[in-house]
Amino acid sequence: MAYPYQLGFQDATSPIMEELLHFHDHTLMIVFLISTLVLYLISLMLTTKLTHTSTMDAQEVETIWTILPAIILIMIALPSLRILYMMDEVNNPALTVKTMGHQWYWSYEYTDYEELNFDSYMTPTTDLKPGELRLLEVDNRVVLPMGMPVRMLISSEDVLHSWAVPSLGLKTDAIPGRLNQAILTSSRPGLFYGQCSEICGSNHSFMPIVIEMVPLKTFENWCSSML
Amino acid sequence: MLSVEAQKPPKGKWTTPPFDPRFPNQNQTRNCYQNFLDYHRCVKAMNRRGKSTQPCEYYFRVYHSLCPISWVQRWNQQIQDGTFAGKI
């Protein structure tokens with residue numbers, strides 16, 4: 001989950017998010033290097049008494065500052081495309097869960113076997129227990145088994161919403177009449193928070209998402225207890 | 001932790017709809033709708049021939065897993081009322 005004074009992304013929970021984190025570090029470093037170089041050159045140019053008013057051509061430096069950016073762009077594009085294709089790999093999910101966005105809560109449906117569905121409302125601030133997170137806790141969490149691909153099908157019953165969980169690298173729009181698929185794999189158990197990411201009315205900021213990743217046996221027990 | 005083999009479901013038991021190469025992308029609306037149609041068409045065809053509708057159960061399980069409950073309820077109501085837009 002997010003924490004105060006956070007600068008970077010949240011810790012990655014899925015393998016894809018780990019890749020995205022590393023890619024972001026790699027690309028941001030390139031950006032910092034280029035910016036530093038440019039700032040340095042500007043400062044040099046502003047603090048010199050030397051002048052040269054008869055420049056005719058500069059073939060060598062022009063070649064360098066054409067080829068080098070091309071190489072830098074390729075070094076960014078190749079990992080980017082690798083991750084893009086990795087996200088679209090065919091995988092056979094172990095479970096399908098549907099989530100429907102409403103104004104202003106999420107509802108979850110587990111219909112592979114029995115018909116299990118429930119609503120997930122934000123816990124009002126006045127009802128929080130000590131240690132709970134303001135505007136992030138919900139009454140019924142989405143419990144999922146860890147370590148296996150889960151197919152999430154996201155849609156909406158009224159207006160546009162968006163189902164986002166940053167630590168899993170997920171953000172998928174919830175569009176009425178459309179069923180959007182996102183594949184979710186968590187490497188570890190725990191609680192993972194997200195918030196609605198498409199403006200949907202007055203309580204748009206107050207419909208969070210909490211995923212509880214648990215071992216398979218715990219998940220099966222939870223399913224039985226919820227039915 | 002159980003081994004990978006032990007975590008796999010018993011052969012032949014239903015888990016969840018597998019990857020369908022007819023619908024490889026993010027938009028799975030058609031996947032849900034097509035299986036719903038296929039189930040009803042299958043049941044209608046089997047009934048017309050006087051055969052068991054047991055093979056149609058696959059389509060039922062797929063659409064039951066994929067389609068939101070509210071969509072299925074609405075479509076079933078439309079079928080009852082005779083206002084369902086799909087060709088069954």
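The values are calculated or read from the model by the stated rules, or taken from the named source; none is laboratory data. Please read all numbers here as calculations on a predicted model, not as lab measurements. Heads up, the Cβs are rebuilt from the backbone with ideal geometry, glycines too, and the neighbour counts pull from every protein chain shown. The area values use the complete protein model at the heavy-atom level, side chains included, leaving out ligands, DNA and RNA. Shrake-Rupley method; radii C 1.70, N 1.55, O 1.52, S 1.80 Å.
Amide H to amide H distances under 5 Å link A:Val138 with A:Thr123, where only residues 5 or more positions off or on other chains count and H is placed in the peptide plane. Residues A:Ile42, A:Ile76, sorted by accessible area with the largest first, give A:Ile42, A:Ile76 [1.4 Å probe; ligands and nucleic acids excluded]. Selection among A:Tyr113, A:Ser224, A:Ile199 by position relative to the dipole of segment A:95-226 gives A:Ile199 as farthest towards the positive end (Cβ unit charges, Cα centre). Once all protein chains are placed together, A:Leu135 keeps about 40 Å² accessible to a 1.4 angstrom probe. Could you tell me how many degrees, from 0 to 90 and to the nearest 10, lie between the Cα long axis of helix B:57-66 and the main elongation axis, the longest principal axis, of the Cα atoms of chain B? Relative to chain B, helix B:57-66 is tipped by roughly 80 degrees.
Charged side chains reduced to their Cβ positions (Lys and Arg at +1, Asp and Glu at -1) give chain A a dipole of some 440 debye around its Cα centre.
Of all DSSP bridge pairs formed entirely within segment A:95-226, close to 70 percent run antiparallel.
Is the shape of the protein assembly as shown rounded, prolate or oblate, going by the alpha carbon gyration tensor and its root eigenvalues a ≥ b ≥ c, with a/c under 1.5 for rounded and a/b larger than b/c for prolate? Prolate, since a/c reaches 1.5 and a/b exceeds b/c. Overall, the accessible surface of the protein assembly as shown at a probe of 1.4 angstrom is composed of carbon and sulfur to the extent of 60 percent. Less than 5 angstrom separates the built amide H of A:Gln195 from those of A:Ala164, A:Ile209, all sequence-distant by 5 or more or on a different chain.
In order along segment A:135-149, the Karplus-derived 3J(HN,Hα) couplings, from 6.51 cos²θ - 1.76 cosθ + 1.60 at θ = phi - 60°, round to 6, 10, 7, 10, 6, 10, 7, 7, 8, 9, x, 7, x, 10, x Hz, and Gly and Pro are given as x. With Cα atoms as the point set, segment A:97-186 shows a radius of gyration and Dmax of 13.6, 40 Å.
Helix-only arithmetic for chain A: the sum of -39500 (n - 2.57) across DSSP H runs with n ≥ 4, divided by the residue total, places the mean residue ellipticity at 222 nm at -11000 deg cm²/dmol.
Relative to its residue count, chain B spans a Cα convex hull of 139 Å³ per residue.
The phi-based Karplus calculation (6.51 cos²θ - 1.76 cosθ + 1.60; θ = phi - 60°) puts the 3J(HN,Hα) values of segment A:94-109 at 8, 8, 10, 10, 9, 10, 10, x, 10, 8, 9, 7, 9, 10, 10, 10 Hz, whole numbers, x for Gly and Pro. Taking amide H positions as modeled 1.01 Å from N, with prolines and chain starts lacking one, the residues under 5 Å from A:Met146 and 5 or more places away or on another chain are A:Val214, A:Leu216. Find the centroid of the Cα atoms in segment A:33-65 and in segment A:144-203, then give the distance between the two in whole Å. Each part reduced to its Cα centre gives a spacing of 49 Å.
With both labels modelled 7 Å from their Cα along Cα-to-Cβ, the B:Lys13 to A:Met87 distance reads 3.5 nm.
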